[in-house]
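Everything on this sheet refers to the single structure shown next.
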Amino acid sequence: MTRRLGAVAPKTGQSIKTPEFEEELKALTDYHRDFELAWPVIVGETDAINVSYGEMGVPMTVIIDKRGIIRQITQGYKPEHDVPFIERLLNEK
């Protein structure tokens, strides 16, 4: 989950301004593909989506199961913990 930030930091680590929302969405799509994330990412053009989930900072991870129940909210992205947890959720019936 993220919101429009007006900039992205590709693999180089250098921040690049994105005056158009579509540019930022393209960069996020590339990130999603490059890191082979197997789950969707929610992007809001404003802070409304983040506020509704009690944003703690960027990045923030909200893991929602197939039934729409929030199972975990954490600040940051911790692949060593999040990926196995998400994979277990994806395998739930």
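The values are calculated or read from the model by the stated rules, or taken from the named source; none is laboratory data. Since the structure is predicted, the reported quantities are computational estimates derived from the model, not experimental observations. Note that we place each Cβ from the backbone using ideal geometry, even for glycine, and neighbour counts take in every protein chain shown.
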With the condition kept exactly as written, say whether any residue in region 36-57 is at pLDDT 80 or above, surrounded by 10 or more Cβ atoms within 10 Å (Cβ to Cβ) and of a type outside the set (Ser, Thr, Tyr). no
Scanning region 63-87 residue by residue, the ones that are of a type in the set (D, E, K, R) and exposed (fewer than 11 other Cβ atoms within 10 Å of the Cβ) total 3
Please go through region 65-81 and pick out each residue that is touching a helix residue (DSSP H, G or I) at 6+ places or on another chain (Cβ under 9 Å) and outside any loop (DSSP other than H, G, I, E, B). ARG71, GLN72, THR74
